[in-house]
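For reference, the structure is listed below as C-alpha cells.
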Amino acid sequence: MADAQPVISCRGVWKLYGKTPESYLAGVSDTPSFEDIRRAGYIAAARDVTLDIAAGEMLVIMGLSGSGKSTLVRCLSRLVEVTSGTVTVEEQDIGALDENGLIELRRNKMGMVFQNFALLPNRTVLENVAYPLEMRGQDRHDRRARALDVIKLVGLEGREDYFPRELSGGQQQRVGIARSLAIEPDIWFLDEPFSALDPLIRREMQDEFLRLQDMLGKTIVFITHDFDEALRLADRIAIMKDGAIEQVDTPDRIVLDPATDYVAKFIEDIDKAHVVHAGHLAGPVKGAAPRGDPVAATATIHDIARRLVEDKRARLPVADTSGKLVGVLKRQDALDVLFGEQP
Amino acid sequence: MRPFAKALAIGALSAALMAPTGAFAADSSDPIIIPTHNWSSQIVMSHVVGKLFEKMGNSVEYVSTDSQAVYEAVRLGDVHLEVEVWEGAFGVAFNEALKKGGLHDAGDHDAVTREEWWYPAYVEEKCPGLPDWEALNKCAEMFATPETGSKGRFLGGPVDWLKHDAERVEALGMDFKVVNAGSASALWAELDAAKRRNQPIVLFNWTPNFIEAIHEGKFIEFPAYFEGCKDDPSGGPNPNATYDCGNPANGYLKKAAWDGMKDKWPAAYQALLNISFTNAQIAEMAKLVDIDELEPEEAAEAWLEDNEDTWKPWIAHGV
Amino acid sequence: MTDAAIPAPAIATPQRDQRIGQMIVVAAVLLAAAKVALPDGLIRPPDWFVLPFADWINWTFAFLKDDLGLIYLTRAFADGVEWLIDITANLLYGKNRWPRIGPIPWTVIAVTAGVVGYALGGWRLALLSGGTFVWIAVMGQWEWAMETMSVIVVAVPLAVALGLVMGLLAWRYPRFEAVLNPVLNIAQSLPHFAYMIPVVVFIGLGPKAGAIVTIIFATPPMIRMTVLGLKKVPPEVIESGQMCGSTRWQLLRHARVPTARTEILVGVNQVIMQSLAMVVLASFIGMPGLGEKLLQLLQALRMGRSIEIGITIVLLAITLDRCSKAWAYRQPVHFERGTPWWVRNKLLLIWLALIAVAFTLAAFIPEAHEIKRRQAFTLSKQFDAGVDWMLVLLDPITLALRSFLIVWILVPLQNAYQWLPFAAVLTFLAGIGWMIGGARSALVCLAYAGLIAMSGWWDRAMITAYMITFAVIISMMIGLPLGVWASRSEGRAKIALLICDTAQTFPSFIYLIPVVMLFGVNDVAAIGAVIVFGMVPMCRYTIEGLRGVPPELIEAADMSGATRRQKLWTVKLPLALPTIMVGINQTVMFSLFMVIIAAFIGTRDLGQEMQRALSATDVGKGLVLGLCVAFMGLMVDHLAMRWSADRKKALGID
C-alpha cells in the first residue's frame, strides 16, 4: 500500500503572509527560520513542507493553534495559494489549474468538514447536504435521493427538514460530514471537525467517524490540536510547529521514538500503553518462537496488560488477525511501556 | 368696475378673440400641474382654479412646493402656473425668473396686498398714538426683550423675504432692533404667546391673511411709500438715507403662467387670464380652511358652490 | 539570537502625544490672549484664504447638467420613478393613473398589515400594525397617509436595490470602497436640505423628487450594512462553498448573501426608518401626504391636528421598524413531515379569507371602503387643550429662564466664540486632535476646520458651533442622568428606549411651535428644540453602555462590598464610557441636523443661510454650507470614535 503512487504529495511548500512574500522568499538563499521570517515582517504558516499521503490512508496533522496546520490543509485543497512549492493531487499539479479546473476538481474529488460546521443557515439539512450536488448541476430528483442516502449514513434520518440552528452541535457536524460526503469524494479533508463539541459528544463522533471510515476507506487528512484524538484515529501523524513538520510517523513510533524535543514534550503525559501496539513493539521471530497463546498484533499494550502481568514467560508470540505468527514480544519491553518507564 | 362686470367683459372679449382658433386648438389631455404652498388661501385658490379647469374638461394635478423655488419650476414647465404672486414677498423671485425667460405675467387679481409692521389690537391701549410710527417709536422700550436689550424688538419675517426692515429702522432712526423669525409659523406662534401674556408685540404681517380672522390688529403707518424710496436717498423724511418709507399700501397680487401653457391648454390659459379674486374672497377662502376646518378640496367646492356668479363668466369661452 | 536584537519600535507613546497636544492647546490660548497684537489675517480668515467653492460647484453642476446633458438622464430616470409612483398612487389612494383599479379599501390594507404583523411577531405586532392602520383610517388621515406610503413603497425597494448593488461593488472592489467610504461619511453628515437643492435642479418637484431625495438619503446605511454583512460572513462558510465547487456567482448567491441576511435586513430596516424621517422634509420639494399636511397645519397654528399627524408618523415608523426588525432576526422553522398544505400555508389562507371579507364589506358599507374626513374622529381639541395647559403651566418658568439664559449665558458665550481669532481656534482644534489621536488626528481636525475657514462662512459656522456646544452640554446634563436612572432595571430601560424611539421619529417641526411659544424667537428656542432632539441618543447610548457592562464585573464589585454609588462610579461608568462617547458623538450629529431645522424658528447661523440657499435654488451655496456642517460633524466623529476605540482597546472590551 505504501509503495503505491501517493494521492496527495506536496514538495517544498511555503506559505508566508505579508506584503510581498514571493520576492522575500526568492531573495533568501538558505532555509529561513520562523524567527528570521518574523523579523523580516512576515508570518510563516507553512515552512518547506514535504509530505506524501497514500490512498486510503488517514493522516492526522497535529499541532497547537498557530502552528500552521489549518493553512497546510488549505494549501492541499488550494483554498489558500502557496507561496512556493507544489501540491500534486492524483498526479495533477493543482497550482497550475485554472478556476474551472479547480472547481471541477472540488466538485468531483474533494470533500471538506469545518470546525464550526459552516452550514448555510437559510437551508434545511436536506438542502445543505444537497448543496454540492446542486453546484454540480445534478437534477433535483437525483440530488435529493443521494442527499437522503448520506443523511441516513450519518444517522440524521427524520431531520431532513430541520434548519441548522434547530440542531445540536453534534448533529450540525453530522450535517457537515454528510455534505462533504455527498459527492462521494476520494479525498476527505477534516479541519478540527470535533473541536467545537463537548467532550462526550466528541468521543461519540470519533467512534462514528471510525465507523464511516471503515465503511468508505477514503484518503483522509484530519486536522486536530488534540493529541489523544490524533493517536486514536491516525494511521500516521504529522506534528507541526511554527509551520514546519517536526515528525511524520505512525502513532507507535512517535510515542516510542520522538524525533525532537518538541515532540517528546507532547508525549510526556501520554499513557503509551494505550497507543503502542503489540505488533509494533514485537521483534522479529529469531530462532524458535515461544509456544502458547499468541497475543494479537493489533492489540495495544494496555489491552494485554493483564496477560503481561500474569504470564511469566519472558517472550510472547505475536500473531496477526489470521493467526499467523508475526513476531515475538519481549515481556520486559512491554512492561516498561505499561508502567511508563523508558524501554 | 365691479369684478364681476370686469371679468364678464374680459371673458366676452377674449371669447371673441379666441373663437376662430378655439374650435380647432383643443386643450391637451396632459394634466395641468398647479403648485400649492403652505398657506391656506393659496391652496384653496389653487383648488378653485383647478376645479374650474376640470369643469372645462382638463385634468389637473397639484404638487406642493416651496413658494420661492416655484418660479424656477414654472419657468422650466415642471409646474404650469402660479395663482398668487405677491408683490412684496415674491416680486423679486418672480422678476428674476421673468428675466431668465420661460414664464410670464398672467394678469393681476383685483385684490391688493399689503405687507407691513403690524400689532394686535390690545397693544393700542398700552401705547397711545398708534398706528403712527413715531408713536410706536416712543414706546419702543415696551417691546424690549432680553436679546434686544433696551431697544424694542420688531419680529420680522424670514430673511429670505428681503424686507429691508433693518435699513428702515436705521433710516428713520428708530429705537428698534430687527429679529428675524425663521418661518411664518414662528411669527404666529410668537403672536399667540404674546397675546396669552398680554405682552406688547410688533411683528411682520400682511393682508389678505388668515391671521386677520383670529387676531384683530392694525398696520403701523410709516411715511408713505413713494417711487424711488428704495434707491434715492433724497426723498422721504431722512434726506440722507434710502428706505425711509413704509411698504406700498396696495401691492399687486398676480398670476403667473408658463410660456408653453398658452399653446398646450389654450382654453385653460384663457380662463387663467380671466380669473381675478378680491381681498374679501381670498380671506373667505382662508377662513373656510383655518377657522371652519374644511379640507382645501372641500373649501374649494364650497366656495364654488356659493360663488357661481363670480366664476361662471371666467370659463364661459371654454364650455 | 536574543530578544534584545529586536529594535524597539519608534512609535510615539500616548503620553508623548498628550504632552505635544497640551503644548499646542497652550499655544492656542496664548494666541487668543494676544489677540490685540495679532494681524487681521489671523483674526478673521483673510480674503485670499477664502476660495469661491460655491462658484466652482455651480460651474460643475451647470457643466454636468447642460453641457453633458446629464439632466436628460436624470429626468428620464425620474420619469421612470414617477411611473412607478403613479401605480402605487392609484392602488393606494385612487390617483387617476394606470392601472386605474384603486383605491384599495382601507379595511383590506389594515387586515393585511395585521396578518403580516402576526406572521412576523405574533399577536402584539399584529395589534400594533393592524392598529396603526385603523388609527389612520379612523382619524381621517387615510388619503394623506396613502399619499406618503405611495412614495415610500417605491423609494424603499429602490434604495434597497441601489444599496445592495453599491454594497456588493464596494465589497468586491476595495478600490471602489476606498472612494465610496469618504463619500458616504460626508453624505451621512450633510444636512437634509443640502441634498434637496441639487434634486430640484436635476429632477424638479413633486412626488418623484420626494422619492429621489428619500432614496439618496436612505441608501448610505444600506450600502454600509451590505458591506458589513458580506465582510462578516465566516471564512469557513465561504471555504465550504468553495469546497462544494461553487463558482463565484454561486458562492455569492447561495453562500455569502444568505449568510449576511441579518445585516442586509437590518440595512432594509435602516432604509425604512430614514425614509420616514424624510416624510416631512421632502414635502419642501413636493412629496405629498402627511408631511405636506403637517406643514400646512402648523402654518395655521393648528397644534392638535399636527400632533395627530405626528402620532401617525410615529406609529408608522414604530410599526415598520418592529416588523422589519422581526423579519431581520426571524429564524427559519421547519414543518414536521406530512404536514398538510393548508397547515403549512395557514396564514396565507387566513389572510385570503380576511381580505375577501374586507372587500365584501367595502362593497356594501362605504365606511369600510373609505372614511371621509367629515366622519372621522378627532382628538385635536384634547391635544390643543393639553398644549394650552402645558403652556400656561410652563410659561412663568420659561420666561424667567429665557432672560437668564440669554443675558448670562448665551450672549456672552456667543460673543466669546465670535471674538476668538480663527487662528487660535484652528490651533486649539489641532491640539485637541493631537491629544486624542496624535499627529494624524491633529491634521484631520486642521483640514476640516481649515476648509470651513476657506469656505467664507467662518462667522456663521462659529454661531452654529456655539449653539451646538451649549445644546450638547445641556443634552448631556439631561440625557446622562436619565440614562443612568433608566438603566437600573430592564423595565425602566424598555420604557425609556420606547420614549427615545418616539421622540426620535416624532416630526421635529412640531416641537418648534411650542418652543417658540414658550421662549420666543431667539437662540433659546432654537437651542431648546435642538436639545429635545439631541438628548435622545445621549440617553439611549448611556442605557446601552451601562446595561452592557459584563455581569461578572458587577458581581465582583458586589462581592467587594461596593455601594450602588460606588459601583456606578468605579465600575459601570468607566466601562460604559466608550459607548457613552459614541452617544455624545451621535448627539452632536443629531444636534447639527436639528440646528439647521431650527432655522425655521429664526437663527443667524449656517442654517439660516441654508434656508436662503434652498429658496434661491442655489446649489453651490447650499452644498458649501452643507459641507461646513458636515465637516464639523465629521471632525467630532473622528475624535470621538478615535478616543472610544483607544479606550475600548485599553479596557480590553469589544
| Near the amide H of B:Asn180, under 5 Å away, which other amide H atoms are found, from residues 5 or more places off or on another chain, if H is placed in the peptide plane? | B:Gly156
| task | Would you work out the charge dipole size for chain A about its Cα centre, treating the Cβ of every Lys and Arg as +1 and the Cβ of every Asp and Glu as -1, and quote it to the nearest 20 debye? | result | 380 debye
| Computed E for C:Asn181/A:Asp98 - FRET, C-beta separation, R0 35 angstrom, nearest 0.05 | 0.55
| note | In segment C:431-514, the trypsin sites (Lys or Arg not before Pro) that sit in a DSSP loop and have at most 14 other Cβ atoms within 10 Å of their own Cβ are C:Arg488
| message | Around C:Thr603, under 11 Å between beta carbons, what's the net of Lys plus Arg minus Asp minus Glu among the other residues? | response | -1
| task | Assuming a ≥ b ≥ c are the square roots of the Cα gyration tensor eigenvalues, decide whether segment B:114-219 counts as rounded (a/c under 1.5), prolate (otherwise, with a/b larger than b/c) or oblate. | result | rounded
| field | Label-to-label distance, nm, for residues given as A:Leu200 and C:Phe49 (7 Å Cα→Cβ offset) | value | 7.4 nm
| note | Restricting to Cα pairs under 8 Å and 6 or more apart, the percent relative contact order of segment C:503-605 works out to 44 percent
| query | For chain A, what does -39500 (n - 2.57) per DSSP helix run (n ≥ 4), summed and divided by total residues, give at 222 nm, in deg cm²/dmol to the nearest 500? | reply | -10500 deg cm²/dmol
| remark: Largest-first ranking of C:His254, A:His274 by accessible area, probe 1.4 Å, whole protein assembly kept, is A:His274, C:His254
| task | Between beta-carbons, use under 11 Å as the cut-off and find the net charge around A:Pro132, counting Lys and Arg +1, Asp and Glu -1. | result | +4
| request: Could you give the size of the charge dipole of segment C:81-204 about its Cα centre, using +1 on the Cβ of each K and R and -1 on the Cβ of each D and E, expressed in debye and rounded to the nearest 20? | output: 200 debye
| Relative contact order [Cα under 8 Å, 6+ residues apart], chain C, whole percent | 20 percent
| remark: Over the protein assembly as shown, the quotient of the Cα radius of gyration and 2.2 N^0.38 Å is 1.19
| said: Straight-line reach only, C-alpha to C-alpha below 22 angstrom: list the lysines that C:Lys95 could link to, leaving out same-chain residues fewer than 8 apart. | reply: B:Lys51, B:Lys55, C:Lys208, C:Lys293, C:Lys372
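Counting only other chains, and only Cβ atoms inside 10 Å, what mean value do you get across the residues of C:283-291?
That works out to 4 on average.
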| said: Distance between the C-alpha centers of segment B:136-155 and segment A:103-129? Whole Å please. | reply: 80 Å
| message | Normalised by the empirical 2.2 N^0.38 Å for globular proteins, what value does the Cα Rg of chain C take? | response | 1.05
| query | What is the Cα centroid distance between segment C:478-503 and segment C:633-654, reported in whole angstrom? | reply | 24 Å
| query | Taking the Cβ of C:Met559 as the center, what net charge do the other residues with Cβ under 13 Å away carry, scoring Lys and Arg +1 and Asp and Glu -1? | reply | -2
| field | Helical mean residue ellipticity (222 nm; -39500 (n - 2.57) per DSSP H run of 4+; nearest 500) of chain C | value | -26000 deg cm²/dmol
| said: Between A:Thr250 and C:Ile499, how high is the FRET efficiency from 1/(1 + (r/R0)^6) when r is the Cβ-Cβ distance and R₀ = 60 Å? Nearest 0.05. | reply: 0.30
| task | First measure r as the distance between the Cβ atoms of B:Lys138 and C:Leu553, then evaluate 1/(1 + (r/R0)^6) with R0 = 45 Å and state the FRET efficiency to the nearest 0.05. | result | 0.05
| said: Shape verdict for segment A:74-178, please, from the Cα gyration tensor: rounded (a/c under 1.5), prolate (a/b greater than b/c) or oblate. | reply: prolate
| request: Can you tell me the 0 to 90 degree angle between the C-alpha axis of helix C:142-172 and the longest principal axis of chain C, rounded to 10? | output: 60 degrees
| task | List, in order, the whole-Hz ³J(HN,Hα) value for each residue of segment C:372-385 obtained from phi through the Karplus relation with A = 6.51, B = -1.76, C = 1.60 and θ = phi - 60°; use x for Gly and Pro. | result | 6, 3, 5, 7, 6, 8, 9, 10, 4, 4, 5, 5, 4, 4
| task | Would you mind putting A:136-146, B:283-293 in packing order, based on average other-beta-carbon counts within 10 Å, highest first? | result | B:283-293, A:136-146
| note | Calc'd 3J(HN,Hα), segment B:54-65, phi into Karplus 6.51 cos²θ - 1.76 cosθ + 1.60 (θ = phi - 60°), Hz, glycine/Pro = x, comes to 5, 4, 7, x, 8, 9, 9, 9, 10, 9, 7, 9
| task | May I ask which residue of C:Phe470, C:Cys323, B:Gly152 lies farthest towards the positive end of the charge dipole of the protein assembly as shown, with charges of +1 (Lys, Arg) and -1 (Asp, Glu) on Cβ and the Cα centre as origin? | result | C:Cys323
| said: How big is the dipole moment of segment B:114-219 about its Cα centre under a simple scheme where the beta carbon of each Lys and Arg is +1, that of each Asp and Glu is -1, and everything else is neutral? Debye, nearest 20, please. | reply: 240 debye
| message | For B:Gly107, what residues show an amide H to amide H distance below 5 Å, using hydrogens built from the backbone and excluding near sequence neighbours? | response | B:Lys255
| query | By accessible area of protein heavy atoms, probe 1.4 Å, what ranking do C:Glu82, A:Glu157 get, highest first? | reply | A:Glu157, C:Glu82
| task | Go through segment A:1-99 and name the trypsin sites (Lys or Arg not before Pro) that are in a DSSP coil and have 10 or fewer other Cβ atoms within 10 Å of their Cβ. | result | A:Lys19
| remark: Looks like chain B, by Cα gyration tensor root eigenvalues a ≥ b ≥ c and the a/c under 1.5 rounded cutoff (else prolate when a/b is bigger than b/c, oblate otherwise), is prolate
| request: Report the one residue of B:Leu136, B:Ala186, B:Leu162 whose Cα lies farthest in the direction of the positive end of the charge dipole of segment B:114-219 (charges on C-beta: Lys and Arg +1, Asp and Glu -1; origin at the Cα centre). | output: B:Ala186
| field | Among A:Gly327, A:Gly287, A:Ile304 the positive-end extreme of the charge dipole of segment A:273-338 (Cβ point charges) | value | A:Gly287
| remark: Partner shielding of A:117-127, as the mean number of partner chain Cβ atoms within 10 Å, equals 5
| note | Each label sits 7 Å from Cα toward the beta-carbon; between B:Glu293 and B:Asp309 the label points are separated, in nm, by 3.2 nm
| note | The ³J(HN,Hα) series, computed from each phi in segment A:187-202 with the Karplus coefficients 6.51, -1.76 and 1.60 at θ = phi - 60°, rounded to the nearest Hz and given as x for glycine or proline, is 10, 10, 9, 10, 9, 6, x, 10, 5, 7, 9, 5, x, 5, 5, 4
| query | Roughly what would the spin-label model give for C:Met641 and C:Asn96, points 7 Å off Cα along C-beta, in nm? | reply | 5.2 nm
| How much accessible area does B:Arg196 have with a 1.4 Å probe, in Å² rounded to the nearest 10? | 110 Å²
| request: Within 10 Å of each Cβ in peptide C:609-622, how many partner chain Cβ atoms are there on average? Round it to a whole number, please. | output: 3
| query | So for C:Met243, B:Met142, C:Met225, what's the accessible-area order with a 1.4 Å probe, most first? | reply | B:Met142, C:Met225, C:Met243
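The values are calculated or read from the model by the stated rules, or taken from the named source; none is laboratory data. All figures in this text were calculated on a predicted structure; none of them were measured in a lab. Please note: Cβ atoms are built from the backbone with ideal geometry, for glycine as well, and neighbour counts cover all protein chains shown. Areas reflect the complete protein model, heavy atoms only, side chains present, ligands, DNA and RNA absent. Shrake-Rupley method; radii C 1.70, N 1.55, O 1.52, S 1.80 Å.
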